[in-house]
Amino acid sequence: MSVMDTAHALVVGIAAYQHIPPLPRTILQDALDIHDVLIAPEYCGYPPGQVQVLLDAEATAAGLRAAFARLAHQAQPESTVFIYLSSHGGRIESGAHAGQYLWPVDVDYRSDEAMVASAIAGAELTGLLSAIPARKLIVVLDCCHAGGLSGLPGASSSDFRPGMAQQYYETLQDGRGRAVFASSRGDEVSYVLPDAPNSLFTTHLLAGLKGGAPGPGGFIRVLDLFSYVQPRVTADQPRQHPYFQVALDENFPVALYLGATDPGVGPAPADGFAYDVFLSYYGKDPDKTWVRKTLLPRLQAEGLKACIDYRDFRLGAPRIAEIERAVEQSRYTLAVLTANYTQDPFNDLENGLAQYLGTEQRQVRFMAILHDQTTPKLSIRFRQALEMTDDMDDADLAAALRNLVYQLRQPVGR
């Protein structure tokens, strides 16, 4: 079963407000396109029946509350939940009605009192999100648009500002495993470039979800999605800076990467390397048996070509020369880190040559997996290692293997 089989989403787009000037129709196209990419099996892979979409007349205050209630009922703690809101939002900065407000399609702004009664207050929105039990939840807010706020009929407040205050995002992501991704800072607006089918922010969000964002292990993860979108939006419009607020225990998946139900699928790149990976390990048991009888067969079953000493080192050749050849001719050197690993000086040579070659060529040529709870030397432990220990359950170990296979198939990068 795919991680996304338990994913849920709510997509809201409001342009044709009933009592205030409308927003551009681009807002509706944004919501429709986000919905379509989430449910597309070739992209994000969300089950269509678990993705709600509310457009214009459907997005009343009552309709929004009902949609959030369905999420709270249907989502499980292990679920991923993706919420996208494109509408008007704003804040009153002082006085009796000070606070944040999300505007449903039927908001009434003849007075501050009418607006407060018909909008969804920030505290209520926080409560609606807190009721969702999922520990992997991302809220995407595109709620500060450049048009539609002039000439509000009968508005009595002179202290109203469009967009949510940045300080509010910390409250909105209350709880662990929560991320809030806003299209702009609290004092900025969100732009639509001339003749563009989507808003600037959603243009890059869609591109990230369609494969632009990195996909280690076959998943687009929350931090990688933001890292993809934020600089591209600001490069296109220097006055718009997407904002991110998180409380995370992990960089959790928000979508499949290019529909990858099996992230290991696909050949390694044809980049001239004789081997995909050179296995660096301690050559005595129990390390030797695990590498030769468990790790190596699994890598080969995925179509990867591995270089390993007992089979691929040439008889009669100096061992040091064979290590150098293996490192140079392999896309990656993979160290299997255990408490025994550093007992063999040849292991130091293997990982040292790989790290030096990577530094010399400004590439990543060295990777490591942690096979037991040991503390490697500084030159190794400053790098991210993949945990693959014997005490992991089968599902976690299978996920780690898929991640490893995916990484070993990637072209060497910087």
- What does the charge dipole of the range 275-408 about its Cα centre add up to, to the nearest 20 debye, if the Cβ of each Lys and Arg holds +1 and the Cβ of each Asp and Glu holds -1? 440 debye
- Loop chymotrypsin sites (Phe, Trp or Tyr not before Pro), the range 33-120, which have at most 13 other Cβ atoms in a 10 Å radius of their Cβ (DSSP): none
- In deg cm²/dmol, rounded to the nearest 500, the helical mean residue ellipticity at 222 nm of the chain, built from -39500 (n - 2.57) for every DSSP H run of length 4 or more, is -9500 deg cm²/dmol
- Message: Can you tell me the orientation of helix 61-74 relative to the chain, as the angle in degrees between its alpha-carbon axis and the longest Cα principal axis, to the nearest 10?
- Response: 30 degrees
- Task: Round to the nearest 10 and give me the degree value, 0 to 90, for the angle of helix 319-329's Cα axis relative to the longest principal axis of the chain.
- Result: 30 degrees
- Query: Beyond 19 Å, what share of the Cα-Cα pairs of the range 1-125 remains, rounded to the nearest whole percent?
  - Reply: 51 percent
- Message: I'd like to know which of Ala119, Leu206, His8 lies farthest towards the positive end of the charge dipole of the chain, counting +1 on Cβ of Lys and Arg and -1 on Cβ of Asp and Glu.
- Response: Leu206
- Query: Under unit Cβ charges (Lys, Arg +1; Asp, Glu -1), what dipole magnitude, rounded to 20 debye, does the range 269-352 have relative to its Cα centre?
  - Reply: 320 debye
- So, for the Cα atoms of the range 275-408, Rg and Dmax in Å stand at 13.9, 43
- Taking N as the number of residues in the range 302-359, the ratio of its alpha carbon radius of gyration to 2.2 N^0.38 Å works out to 1.13
- Note on the structure: Listed by chain and number, the residues whose amide H is under 5 Å from that of Val254, excluding neighbours fewer than 5 places away on the same chain and using placed H, are Ile220, Arg221, Val222
- Query: When the scattering of the chain is computed by the Debye formula from its Cα atoms alone, each counted once and equally, what is log10 I(q)/I(0) at q = 0.06, 0.07, 0.11, 0.13 Å⁻¹?
  - Reply: -0.32, -0.43, -0.84, -1.03
- Test item: Cα-centred dipole of the range 3-256, Lys/Arg +1 and Asp/Glu -1 on Cβ, debye: 260 debye
- At a Cα cut-off below 16 Å, give the lysines reachable from Lys293, other chains included and same-chain residues fewer than 8 away excluded. Lys284, Lys305
- Message: Based on the alpha carbons, how large is the Rg to Rh ratio for the range 355-414 when Rh follows Kirkwood?
- Response: 1.01
- Note on the structure: If one compares the long axis through the Cα atoms of helix 394-408 with the longest principal axis of the Cα atoms of the chain, the angle in degrees, nearest 10, works out at 80 degrees
- Amide H to amide H under 5 Å from Thr333: which residues, 5+ apart in sequence or cross-chain, H placed 1.01 Å off N in plane? Phe278, Phe366, Met367
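Computed from the coordinates by the stated procedures, all read-outs in this text should not be read as laboratory data. It should be emphasised that the depicted structure is a prediction, and the values quoted were computed from it without experimental measurement. Glycine also receives a Cβ, built like all others from the backbone with ideal geometry; neighbour counts cover every protein chain displayed.
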